[in-house]
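The values are calculated or read from the model by the stated rules, or taken from the named source; none is laboratory data. Values in this document were obtained by computation on a predicted structure and should not be read as measured data. Neighbour counts run over all protein chains shown; Cβ positions are idealised from the backbone, glycine included.
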Amino acid sequence: MTGFITRQNILCSLLTALLVLGVMSPVSWAADTKNEDQAKKKEETPLTRLDQATDLMTKDLNENQLLQFRAIEQTYRTIRAVEDVQMSVGKAVSSCSEANPDIADDMTGRLRSWKDALRPTMKSARKKLDKMILLQGFTQPSSVRKYLKMFDEAVDYRDAGIKAIPVTEKESCLKLKKNMDQTEKSLNSLLNETLGLDEPINTSDS
């Protein structure tokens with residue numbers, strides 16, 4: 001598990017390299033959703049509902065089942081993180097292209113090839129997540145999917161309070177393009193390692 005966390009931290013650093021322009025907030029892939037403002041502690045929100053659902057789902061799990069739950073949770077967080085970055089970079093490229101027509105073709109072409117390069121890995125990640133959900137031994141697959149939907153709702157709730165800043169300065173736009181150049185191969189490789197896409201799924205209850 002330590003190796004997974006280390007790889008995930010490196011992955012987050014790579015994603016952060018794509019976010020140096022402030023095109024998205026890192027809260028959507030934060031590792032913990034429990035540290036909320038004390039003033040909101042008693043208010044029922046998607047965040048508090050997620051906390052309650054997490055406690056309910058994990059309270060009676062044995063060690064192996066808890067590892068299965070955490071593996072699914074962390075895999076989903078990682079997938080969601082990359083998807084959020086892709087969406088935010090796409091918005092940044094759109095604002096860059098609108099403000100700088102002379103680099104619009106280069107920016108949109110680079111974004112297209114960057115997404116194309118990641119698509120097979122993300123497809124494999126989704127397939128593995130589906131298998132993990134089907135093969136886990138602590139609850140019904142539908143309950144896991146419902147939980148992950150609650151995670152999405154919690155993320156969307158947190159992100160709703162954050163104002164996006166359009167990227168328009170040419171220098172920043174070119175820096176974003178350079179970051180896509182630098183992270184395409186490394187992000188693919190690290191996703192494979194972090195999610196263990198080439199490894200069998202362990203669901204043993206022993």
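Is it true that some residue in the stretch 86-96 is assigned to a helix (DSSP H, G or I), loosely packed, with under 14 Cβ neighbours inside 10 Å and touching a residue at least 60 places away in the same chain (Cβ under 8 Å)? Yes, there is a match, as at least one residue in the stretch 86-96 is assigned to a helix (DSSP H, G or I), loosely packed, with under 14 Cβ neighbours inside 10 Å and touching a residue at least 60 places away in the same chain (Cβ under 8 Å).
May I ask you to list the residues in the stretch 114-138 that are at pLDDT 95 or above and either touching a Lys or Arg at 6+ places or on another chain (Cβ under 9 Å) or hydroxyl-bearing (Ser, Thr, Tyr) (or both)? Selection gives 133 alone. Scanning the stretch 157-177 for residues that are of a type outside the set (A, V, I, L, M, F, W, C), in a helix (DSSP H, G or I) and surrounded by 12 or more Cβ atoms within 10 Å (Cβ to Cβ) yields 157, 158, 159, 170, 172, 175, 177. Candidates 58, 45: the one that is among the hydroxyl-bearing types (Ser, Thr, Tyr), at pLDDT 50 or above and under 22 Å from residue 164 (Cβ atoms) is 45. Scanning the stretch 127-140 finds no residues that are farther than 16 Å from residue 74 by Cβ, among the charged types (D, E, K, R) and in contact with a helix residue (DSSP H, G or I) (Cβ under 7 Å, 6 or more places away or on another chain). Of everything in the stretch 178-206 that is part of a helix (DSSP H, G or I) and of a type in the set (A, V, I, L, M), the residue that is surrounded by the most Cβ atoms within 10 Å (Cβ to Cβ) is 195.
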